[in-house]
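The block underneath contains the structure these notes are about, expressed in structure tokens.
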Amino acid sequence: MTPRERAEKSAAALWAGDRASAWVGMQITAIDEGSATLALRIREDHCNGHGIGHGGVTFLLADSAFAFACNSRNQATVAQHNSITYLAPVRLGDTLTATAREVALSGRSGITDVTITNQDGKVIAEFRGTSRAIGGSLFEESP
């Protein structure tokens, strides 16, 4: 199995149990070993009292892209710590893209950066997550 095939199979297994990402309306648009791209169109129910996209929705998108990138090797992996910096507001109707890329992996710990852009390519937020492999796999691989 190639690394990309493993990443695709890992993403399918993770997606099957990921109710939150599907509920909010995300789509996986690309997946590979150590990377993932997810997209989300901003709906009315994603907006806060100021009429702009809720920061929690942007964080959720980034966190999901982070999760798919971290789990792309078929090793069950969770977040240790995540942070986000918001750089521009999100508007109703925007299509956000979260592009996650692993920047470091050492033993069971990793660092993954996620850039969130809108449909015009404007950077909306930057997210950094640290991960920890917890043992186990997402699907059974034959030896």
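Counting only strands (runs of 3 or more DSSP E) that sit completely within region 68-143, zero hold 2 or more residues that are among the acidic types (Asp, Glu). If the condition is being in contact (Cβ under 8 Å) with a residue 12 or more places away in the chain and surrounded by 12 or more Cβ atoms within 10 Å (Cβ to Cβ), then region 44-53 contributes His46, Cys47, Ile52, Gly53. Selection within region 16-32: residues that are without any contact (Cβ under 8 Å) to a residue 24 or more places away in the chain and part of a helix (DSSP H, G or I). The member of this set that is nearest to His46 (Cα to Cα) is Trp23. When Ala65, Ala100, Ala76 are checked against the criterion of being under 16 Å from Arg41 (Cβ atoms), touching a residue at least 24 places away in the same chain (Cβ under 8 Å) and in contact with a strand residue (DSSP E or B) (Cβ under 9 Å, 6 or more places away or on another chain), Ala65 stands alone in meeting it. Within region 38-56, the only residue that satisfies the criterion of being over 11 Å from Leu96 (Cβ atoms) and part of a strand (DSSP E or B) is Cys47.
Each reported figure results from applying straightforward, stated rules to the coordinates on display, with no laboratory input. Just so we're clear, the structure is a prediction, and the values are computed from it rather than from any experiment. Cβ atoms come from the backbone with ideal geometry, glycine included; neighbour counts cover every protein chain shown.
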